[in-house]
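The values are calculated or read from the model by the stated rules, or taken from the named source; none is laboratory data. Because the structure is predicted, anything quoted here is derived from the model rather than measured. As a convention, Cβ positions derive from the backbone with ideal geometry for all residues, glycine included, and neighbour counts pool all protein chains shown. Heavy atoms of the whole protein, side chains included, go into the accessibility calculation; ligands, DNA and RNA do not. Shrake-Rupley method; radii C 1.70, N 1.55, O 1.52, S 1.80 Å.
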Amino acid sequence: MSDVVTYTRDGDIAVIAVNNPPVNALSHAVRKGMQDALRKFESDPEAKAAVIVGEGRTFMAGADISEFGKPPQEPWLPELVNEIEACSKPVVASLHGTPLGGGLEVALGAHWRVAQPDTRVGLPEVHLGILPGAGGTQRLPRVAGVETALDMITSGRHVPAAEALEKGIIDAIDDSGDPRAAGVAFARKLLAEGKGVRRTGDMTAAGHDPALFDAWRAEMKKKSRGQLSPVVCVDAVEASNLPLPEGLKRERELFQKLHDDPQRAALVHAFFAERAVAKVPEASATPRKLEKIGIIGGGTMGAGIAAAALQAGLKVVMVERDAEAAARGEQNVRRNFASSVKKGRMTQEQLDALLAANFQATDDYGALSDVDLVIEAVFETMAVKKEVFAKLDAVVPEGAVLASNTSYLNIDEIAACTRRPQDVIGLHFFSPAHIMRLLEVIVGEKSAPDAVATGFLLAKKMKKVGVRCGVCDGFIGNRILGSYMKAANMMVEDGASPYVIDEAVREFGYPMGPFQMGDLAGLDIGYLSRRDRDATRDPADRYAAGFLDRMYEKGWIGQKAGIGFYDYSQNPRSGPPNPGVMPLIEEERKKLGIAPREFSKEEIMRRYVAATVNEAAKVVGEGIALRPLDVDMVSIFGYGYPRWRGGPMHYADHVGLDRILADIREFEKEDPRFWKPAPLLVELVESGRKFGDLNNA
Ligand code: T1G
Ligand code: NAD
């Protein structure tokens, strides 16, 4: 037998145990070991039934994703699952942890399934740009019906054991806490009841209706904004009314089509990158205690951060300027929980109890005397930040971590106004902070490794994706945003319509275009930050924001004013173009003496991508971001970058760095200052390397 699969017998029950930490991925060695064990079971006269079980924290959590793109090795998973199903003696899958993807497909190939109460089953392949390729699209509809299969396979959601039992995916729940014993007991009970094999393939998938599939396909097309797998998953489930062998053949064709599409590589890159971002130099440091946090400021961000902290089980003390503002801060926190109460995820009583037990709003900085970490989220001016940090330095316990949620300001300058710069970091959340998953962890010159590690611990507790950033203006995300926004503004001045730019960017896969996003965040924020920089802006740099200043002066600042680039008078969240914008832009062009020209959507995206990648290459080249994958995660989790493109750096590798550099060199002729190629990009092109080569550095 192999070292990852064992075959033992408990009386007349064979036990096939998989032990391939950390998640029993169905690697080649596991598949081979299982096939050998199955064949031993079939030929073992003493064994009347078999149990398949996973050792450690979970049943098999799927195929080994790290094998994707490599030459497939026999036995293939679909064949192994067919072999399990074809066994002449009953096979029980005993589930615990997260039987996902190929793991659940193995279980669906087995004749019976028993699970521990906290088991969560699912077919999340859609998130990897593929579909369940070992029979899941054919066997799940047979045990649970077409509608459930469509829901689970297109959403990839993890289904708790109780619901799986109700839906017929599993046959029983065992709360012994011992999957091996549970499987053996269940198999014994089967034999005692004279029950034998029960092949899923022989069952019929209930609920087939062509109209249902058309409706799901249309819905997936709308929701997936260009991602292929959700739509193709529907096509695969539709084949489950065919005899199993034909359905499996159809599934294989569709699987291969998705497997060979660049979206698969992009989504697999995103899967591993999402886990790699936590691998930072400070990860070996022991985080400090983290049970109670302070939040300074109860506005948009302070209240969002407080809600995220409370959801993560932390105690929160919010400090505002005065009692009235503190009360307003509490109301803002309550508002952030409103949709959870409305959707029944929690009751009003539970919310009241949570706030009573774990939340305090005050204007007394003294209330921070026992916090482990404090996050400042007050007005974005250096003077106010310094005043607050000086106060914190006086009241917060020694050893606590002091963090700022500043969007742009210099963390080292803020730290310098305390006696403990080693305890100061930046924690840059994204609005709404209780929903957005990105958290930029800013490491100052003097930040201690365990202070940084505490920032990452907070990210983990809040189920956020923490990304390490060095100190620079705008850190990773806002700095790169500044570059592609400037490219968009320059195109508007030169003749492009902001509405066509928004359309092109949406068609690329973003949820919204740059001018829609400006309206959402508020054009006043950009205006105030430009005024902040008037004194330091180099007059040689193109300004390209005159039309935005004119809009600000007219009060067209976006959703919060009901009018911006779009008119929100009918709907606070979306509306038709504001008819006053184009005449205003044409007026600005005249003033600047610019003869407008045509921009195709193709050119718009070449410039948008080039500006993004060029600035991102500077951010990586300067060490602000540790690796290109960190930029990809910031863009995906904080700026709506389409995950199925893998992030701007992965996408740049896909397009070809030489092509992007060629574009930049072409644009450089118009503006050698803005379009100066990033040294790292030039170096990679000259050495024939890719951003991806730097991800394992
Ligand atoms: N293959 C390879 N490595 C995997 C893996 C997998 N399937 N799942 C996890 N890992 C690694 C992961 O990279 C990390 O490594 C470590 O395990 C712990 O993971 C034919 C083809 C199971 C819910 O999509 O959703 O089957 O960073 O940090 O938060 O239809 O991992 O420590 O070096 O995420 O406790 C379908 C993917 C595959 C499940 C555990 N299966 N995994 O979460 O730990 S496609 C999936 C997860 C398929 C068939 C097709 C989660 C988890 P490292 P972790 P976690
Ligand atoms: P906001 O105006 O909504 O809230 C700021 C709050 O700070 C106000 O309630 C104010 O009363 C309080 N405050 C001001 N001075 C104080 C003091 N000395 N002591 C205690 N409280 C004080 O602003 P916001 O949008 O929540 O932004 C806060 C910070 O977060 C800024 O640095 C901003 O750049 C940053 N940020 C904002 C966003 C966003 O999208 N709004 C995103 C990321 C980061």
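Listed values, structure above:
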| read-out | value |
| --- | --- |
| Between helix 210-224 and the chain: long-axis angle, C-alpha atoms, 0 to 90°, nearest 10 | 40 |
| Antiparallel bridges, percent of DSSP beta bridges restricted to the chain (to nearest 5) | 25 |
| Local electrostatic count at LEU626 - Lys and Arg +1, Asp and Glu -1, tallied over other residues with Cβ under 10 Å | +2 |
| Gained length - ASP151 relative to LYS249, 0.36 nm times residue gap less alpha-carbon distance | 33.1 nm |
| Extension gain, ARG573 back to GLN331 (0.36 nm per residue minus Cα-Cα distance, nm) | 84.9 nm |
| The chain - charge dipole about Cα centre, Lys and Arg +1 at Cβ, Asp and Glu -1, debye rounded to 20 | 340 |
| FRET efficiency estimate (nearest 0.05) - Cβ-Cβ, ALA29 to ARG689, R0 30 angstrom | 0.40 |
| Solvent exposure of the chain as accessible area per residue, Å², 1.4 Å probe | 41 |
| GLU507-SER369 pseudo-label distance in nm [points 7 Å out on the Cα-to-Cβ vector] | 6.4 |
| Rough spin-label spacing in nm, given labels placed 7 Å along Cα→Cβ, for GLN350 and ARG419 | 4.5 |
| Packing rank of 664-674, 431-441, where each peptide gets the mean count of other beta carbons within 10 Å, highest leading | 431-441, 664-674 |
| Calculated from backbone phi, Karplus (6.51, -1.76, 1.60) coupling profile of region 172-182 in Hz, x at Gly/Pro | 7, 10, 10, 9, 6, x, 10, x, 4, 5, 4 |
| Test item: Cα-centred dipole of region 158-295, Lys/Arg +1 and Asp/Glu -1 on Cβ, debye | 480 |
| Where GluC sites (Glu not before Pro) fall in DSSP loop in region 90-196, at most 16 other Cβ within 10 Å | GLU193 |
| Other-chain or far-sequence residues with amide H under 5 Å of MET203's (modelled H) | none |
| Gain upon complete extension [VAL384, ARG9; 0.36 nm per residue less C-alpha separation] | 127.9 nm |
| Amide proton proximity set for PHE359, modelled H, under 5 Å, gap of 5+ | VAL316 |
| Amide proton proximity set for ALA14, modelled H, under 5 Å, gap of 5+ | LYS48, ALA49, ALA50, VAL51 |
| In range of the label at ALA323: residues from region 362-390 whose backbone nitrogen is under 13 Å from the point 7 Å along Cα→Cβ | 362-364 |
| Peptides ranked, highest mean first, by Cβ atoms within 10 Å: ranges 13-24, 351-362 | 13-24, 351-362 |
| The chain, helix-only ellipticity at 222 nm - DSSP H runs n ≥ 4, -39,500 (n - 2.57), divided by all residues, nearest 500 | -14500 deg cm²/dmol |
| Cα→Cβ-extended label distance, 7 Å offset, between SER43 and GLU666, nm | 6.5 |
| Surface share of carbon and sulfur [accessible, 1.4 angstrom probe, percent] for the chain | 55 |
| Proximal charge balance of ASP693 [Cβ under 13 Å; K/R count +1, D/E count -1] | +1 |
| Under 11 Å, Cβ to Cβ, from ASP370 - net charge with Lys/Arg +1 and Asp/Glu -1 | +1 |
